Amino acid sequence: MKIICIGRNYAKHIEELENERPKSPVVFLKPDSAILPKKNPFFIPSFSSDVHYEVEVLVKINKVGKYIDEKYAPKYYDEIGLGIDFTARDVQQECKEKGLPWEKAKAFDGSAVIGAFFNKNDFDLQRLQFQLLKNDAIVQDGNTNSMLWKIDELIAYVSKYFTLKKGDVIFTGTPAGVGKVSENDVLTGILEGNEAFTVKVK
Ligand code: ZN
């Protein structure tokens, strides 16, 4: 399976990192080795002193598709979830300045937290409310109604470049409020009131 991630999909997050608003979705990949095994703690990697959490709504692809039309996109997923796109912000900054790819900052081991998935029919996907708690305090509070590109548009867009396969997961971008993690932090993701994951930072 592969993990397809979208960057800069919420206007307020673009502002907080002083990035340019993109004309089309920013896309990058994480390999399956980036998945943090369930119940494992997240270890801050030695090559970064500024790892950020980014909570994101996830979409799990249920069948093969390529050049998917936006209006048929809902047929390609039954479940949505919540996860974290851990980002070595200092490494990413260096990559950005040099115009280099982001993989070292975004695709390292353990950088993808994939929490529980839920039946998409139980929710209004246009208005999904989700939060990240750090040590029981809300640090990110997002709603899919402020996405620049909605889930179905993202599926149409990324499937032009990559054949989507059953089990692939799309990370749909993070809202504002990203920040640094420290040793002993506990991160909890909440999707419409349901706990989707808890991760300890070591
Ligand atoms: Zn992200």
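Annotations for the structure displayed:
- Student exercise, the chain dipole from Lys, Arg, Asp, Glu Cβ charges, in Debye to nearest 20: 660 debye
- Which of Gln129, Val201, Pro101, positive extreme of dipole for the chain (C-beta unit charges): Pro101
- Taking the average, over residues, of other Cβ atoms within 10 Å as the packing measure, peptides 11-21, 96-106 rank 96-106, 11-21 from highest down.
- Only Lys, Arg, Asp and Glu carry charge here, each on its Cβ (+1 for the first two, -1 for the last two); on that basis segment 83-202 has a dipole of about 340 debye about its Cα centre.
- Antiparallel beta bridges, as assigned by DSSP with both residues in the chain, represent about 90 percent of the total such bridges.
- Cross-link table Lys96/Lys200; Lys134/Lys165; Lys63/Lys134; Lys39/Lys180; Lys120/Lys166, entries beyond 25 Å C-alpha to C-alpha: Lys96/Lys200; Lys134/Lys165; Lys63/Lys134
- Normalised contact order of segment 3-200, rounded percent, pairs of Cα under 8 Å and 6 or more residues apart: 34 percent
- Alpha-carbon spread of the chain, three principal axes, descending order, Å: 43, 39, 30
- The coefficient of translational diffusion for segment 91-202, derived via Stokes-Einstein from the alpha carbon Kirkwood radius under 37 °C and 0.692 mPa s, stands at 204 µm²/s.
- GNM top mover of Thr188, Thr87, Thr163 - the chain, alpha-carbon springs below 10 Å: Thr163
- Under 5 Å, built H, 5+ apart or other chain: amide partners of Cys5: Phe28, Leu29, Lys30, Phe171
- Listed residues Phe47, Phe130, Phe117, most fluctuating in the chain (Gaussian network, C-alpha, under 10 Å): Phe47
- Segment 1-118: C-alpha gyration tensor shape, a/c 1.5 cut-off, then a/b vs b/c: oblate
- Listed by chain and number, the aspartates and glutamates placed with their C-alpha closer than 19 angstrom to that of Lys38 are Glu54, Glu56, Glu79, Asp85, Asp109, Asp168, Glu183, Asp185, Glu195; residues fewer than eight positions away on the same chain are left out.
Rule-based calculations on the coordinates, nothing more; no lab input. The structure presented is a predicted model; accordingly, all values stated were derived computationally and were not measured. Every residue, glycine among them, receives a Cβ derived from its backbone with ideal geometry; neighbour counts consider all protein chains shown.
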